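The values are calculated or read from the model by the stated rules, or taken from the named source; none is laboratory data. Predicted model, so just to flag it, every value in this text is computed and none were measured. Here the Cβ positions follow ideal geometry from the backbone for every residue, glycine too, while neighbour counts run over all protein chains shown. Surface areas here come from the heavy atoms of the whole protein model, side chains and all, with no ligands, DNA or RNA. Shrake-Rupley method; radii C 1.70, N 1.55, O 1.52, S 1.80 Å.
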Amino acid sequence: MEKLKQRWGIDSNFQIIVILIVFSVTGSSAVFLAKPLLNLIGLERASFSSAWWGGFLYVTLRVLIIFPIYQVLLVAIGWLFGQFKFFWNFEKKMLSRMGLGFLFK
């Protein structure tokens, strides 16, 4: 736990628990919201070919839609749990590593 607290720059074990809860709630929420969003724009699993590439294309589009939902929800749910600063810094660091750091300058 001490290594994790040092790495994340936090002070208490309670804060670690809250952060892990935020990650789990955010992941579940993003996946839950992706299906109705896909249905809304007409991308249902039945719309794709039954061949292997149809499933691959569907899963790829689903992940591409879940990713931005997850990013927004992570900061929002982190704010609700009182950890906005941690998750805002986490987002900036992650997006910078992905080459999207220009969004924050």
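For the chain, the residue among VAL22, ILE10, THR60 whose Cα projects farthest onto the positive side of the dipole built from Cβ charges is ILE10. Ignoring ligands, DNA and RNA, what percent of the 1.4 Å accessible area of the chain is carbon and sulfur? Carbon and sulfur atoms account for 69 percent of the accessible area of the chain. For the chain, the spread of Cα coordinates along the three principal axes comes to 51, 29, 23 Å, biggest extent given first.
Placing a pseudo-label 7 Å from each Cα along the Cα-to-Cβ vector at LEU64 and LYS5 gives an inter-label distance of 4.4 nm. With a cut-off of at most 10 other beta carbons within 10 Å, and DSSP calling the residue loop, which trypsin sites (Lys or Arg not before Pro) in region 1-98 qualify? Please list them. Loop-located and lightly packed - none at all.
Averaging Cα coordinates gives a centre for region 45-91 and one for region 22-44; these two points are 7 Å apart.
In order along region 86-98, the phi-based Karplus estimate (6.51 cos²θ - 1.76 cosθ + 1.60, θ = phi - 60°) of 3J(HN,Hα) comes to 4, 6, 5, 5, 4, 4, 4, 5, 5, 5, 5, 5, 8 Hz; Gly and Pro are listed as x. Solvent-accessible surface of the chain, taken per residue with a 1.4 Å probe and all protein chains present: 70 Å².
Comparing TRP53, TRP88, TRP79 in a Gaussian network model of the chain, where Cα atoms under 10 Å apart are tied by springs, the biggest mean-square fluctuation is seen for TRP53.
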